[in-house]
Amino acid sequence: MVDQLLMSAPARRRLNTAISNASIWGDVAPGTWSLDIWIGSRGDRGRGLGTLAMHAALCRIFDHPGADAVVIDPRADNRRATAFYERLGFEPVGLRDFDGDRCLVMRLRHSTTN
């Protein structure tokens, strides 16, 4: 299952989150979901829009019965993104290559959002 959550931001820009059951990743624990987020432009960064989108997406995921963890995979060299996810409670799991990009897999367990 893939679910998209689009949020309108000022100036008609969009925040896009893609939510899916993480089974597409291969060997993951049952109840694990994956999440990706795209923010429209550099001008939209640092304004709290990503935080709003992430909270909405996480609530949507954890409303699913049995959903108990979320993984996300920012590029390993994107310190701004990894610091953002850490502030939300995500913890590093390990490095992984996705489509030629070195990514840091991070996980948030449902109990850390309560």
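The values are calculated or read from the model by the stated rules, or taken from the named source; none is laboratory data. Since this is a predicted model, take the numbers as computed values, not measurements. Here the Cβ is made from the backbone with ideal geometry for all residues, glycine too, and neighbour counts use every protein chain on show.
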Failed item in (1) surrounded by 15 or more Cβ atoms within 10 Å (Cβ to Cβ); (2) touching a strand residue (DSSP E or B) at 6+ places or on another chain (Cβ under 6 Å); (3) at pLDDT 90 or above, with VAL70 passing the rest: (3)
Quick one: count up the residues across segment 82-101 that are over 12 Å from the mean Cα position of the chain (by Cα) and part of a helix (DSSP H, G or I). 2
What's the number of the only condition in (1) over 20 Å from THR32 (Cβ atoms); (2) touching a residue at least 24 places away in the same chain (Cβ under 8 Å); (3) of a type in the set (A, V, I, L, M) that ALA83 fails to meet? (2)
